[in-house]
Amino acid sequence: MSVTAVRRAVKDSVSGMPPAFWWLWTSTLVNRLGAFVATFMALYLTLDRGYSATYAGLVAALHGLGGVVSSLGAGVMTDRLGRRPTLLIAQISTAASVALLGFMQHPVAIAGVAFLVGMASNASRPAVQAMMADIVRPEDRVRAFSLNYWAINLGFAISSAGAGFIASYSYLAGFLIEAAMTLVCAIVVYVKLPESRPQPGAAGGDADGVGLGTVLRDGRFMGVVGLSFLVALLFQQGSVGLPIAMGEAGFSPSDYGVAIAVNGVMIVVLQIPVTRFIEHRDPQSLLVLSSFVAGIGFGLTAFAGSVGLFVVTVMIWTLAEIVNAPTQTGLVVRLSPTHGRGRYQGMYTMSWAVAALVAPLMSGLLIDRLGAQWLWGACAVVGTVAALGYWGLMRGLSDAAEAADAASVATAAAEVATATAATAAAVAAAATDVHGRDTEGAEGTEGAEGREGTVRAERVQSVRKA
């Protein structure tokens, strides 16, 4: 491919987005560049502080539990307070709690603050996704979510490498750097991003009419949330089940690092071009295919006996992840009412947070009791079930969406026709009025001329008589 073609592809991938999107994207990238806690929390607790692996697992679970608790609350805040205030509160709280965590000494205090960090850091996600849906045109949303996902992985890849050097110097420095960069994100949001929450009375209904009960009663959406949980269980195994299985098989941590690095590299390199290929395709087919391929990719791990084969399996399920992530998020927006996007995104975010809690328990239990092969076999089953679920759940969704679009177009056409007719009537009335005034003026002129002629005639008659 020529340089010109590459430039054209990049331009096509990033063009058409509003400036507010790029500030939100920048905020996401900066936030992920400072992601230190999520990467090195376990090493910090076990190597630097000398705590047991059990305690480190407990702290990680509390961090995840905080994310579960905050997901729904942050979704409600996003709809009630607005996207911008929720982002500010979440990011300032994250900066403060991360900095505080670096100074904690007592194990109970560390666990408690880790819970707060999980709550604060996860609270921004519903607001980010809702704001992105607000400011980006519907036809560009899959591409926008893909670009955002690309920024997340690019930032995480860079921060993982940098965090290793920082940790070798000082773990406290890592906590403070993350706090500072998160605070920078809050400043970017405050200075550059306007509030995007739809005003009451706009299309999509009233915010007061969309509560958590509305979300829970939305059967199709809750089905998507359940399937999202299954898919999240799969992708979580890349960071929880895979390192344990490779370690038990005699591979070193560096071997795992090589295998999992392929995931980040592929996402950074392929996310944008793959999105250009899928952004206008049927989401049902994409979600069915990506779920099935993810299950197969993890299932094939049972047969991996070398680092090269592990890399191949990672490549397979990474391709599924590249397709699934933006398509899934776009589907959530598609199913969400305009004034309820925060609550809907909060429920969707919670499915991933719960998966982050369940996945370590699932992998540990299956590996300890039955062996790693059973874990990978279960992943294949879960992926197949998710694919079948998407196939059944989304039947008719495309037709319904097309019908809705057709109705919207018809309504818009009717409004345009009505406006055109009203304008034409107004023009005709104005023309009639002007014509009437012209006629009256002409008649008035003729009357005046007639009267003047009569006066002259009378004068002539009087002179003759004289």
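Across all Cα atoms of region 50-181, the radius of gyration (one decimal) and Dmax (whole number) stand at 16.4, 52 Å.
Placing pseudo-labels 7 Å out from each Cα toward the beta carbon at VAL76 and ALA42 gives an inter-label distance of 3.4 nm. Solvent-accessible area of region 78-203 (1.4 angstrom probe, protein heavy atoms only): carbon and sulfur portion equals 71 percent. When Rg and Dmax are taken over the Cα atoms of region 192-335, they come to 19.0, 62 Å. Computed with a 1.4 Å probe over protein heavy atoms only, the accessible area of TYR190 comes to about 140 Å². Rounded to the nearest 10 square angstrom, TRP23 shows an accessible area of 90 square angstrom against a 1.4 Å probe. If you plug the beta carbon distance of LEU370 and SER285 into 1/(1 + (r/R0)^6) with R0 = 41 Å, you get a FRET efficiency near 0.75. When both region 326-369 and region 215-286 are represented by their alpha-carbon centers, they are found 12 Å apart. If a paramagnetic tag sat 7 Å from the Cα of ALA109 along the Cα-Cβ line, which residues of region 51-91 would have the backbone N under 17 Å from that point? Correct set: 51. Ordered from largest to smallest accessible area (heavy atoms of protein chains, 1.4 Å probe), the residues TRP150, TRP317 come out as TRP150, TRP317.
Computing FRET efficiency as 1/(1 + (r/R0)^6) for VAL265 and ASP134, where r is the C-beta to C-beta distance and R0 is 35 Å, gives about 0.60.
The values are calculated or read from the model by the stated rules, or taken from the named source; none is laboratory data. Since we're looking at a predicted model, the values are computed, not measured. So basically every Cβ, Gly included, is an ideal-geometry build from the backbone, and we count neighbours across all protein chains shown. When the accessible area is computed, the model is the full protein with side chains, heavy atoms only, and any ligands, DNA or RNA have been set aside. Shrake-Rupley method; radii C 1.70, N 1.55, O 1.52, S 1.80 Å.
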